[in-house]
Amino acid sequence: MKVKSVFPTEIALFKALYLAVAEAEKRWTMRTRNWQEIMAQLSTFFQERLKDYLC
């Protein structure tokens, strides 16, 4: 059984996320709290995907 995804490729997913964040960013008025904790968790779960984007 093959499961279909809403996004045909991983790149399509990243583009949709980028556009959603860019749109939401226009309305953000506060700084993101606990950013270091968020990045630590993302790094743990998505280490391979984030290594090219993080220093």
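The values are calculated or read from the model by the stated rules, or taken from the named source; none is laboratory data. Since this is a predicted model, take the numbers as computed values, not measurements. Neighbour counts run over all protein chains shown; Cβ positions are idealised from the backbone, glycine included.
Would you point out the residue of the stretch 15-37, among those that are among the β-branched types (V, I, T) and at pLDDT below 85, that is farthest from the chain's Cα centre (by Cα)?
Of everything passing the filter in the stretch 15-37, T29 is farthest from the chain's Cα centre (by Cα).
Give me the helices (runs of 4 or more DSSP H) completely within the stretch 9-55, filtered to those with at least 1 residues that are surrounded by 10 or more Cβ atoms within 10 Å (Cβ to Cβ) and touching a helix residue (DSSP H, G or I) at 6+ places or on another chain (Cβ under 8 Å), ordered by residue number.
Qualifying helices (runs of 4 or more DSSP H): 35-45, 47-50.
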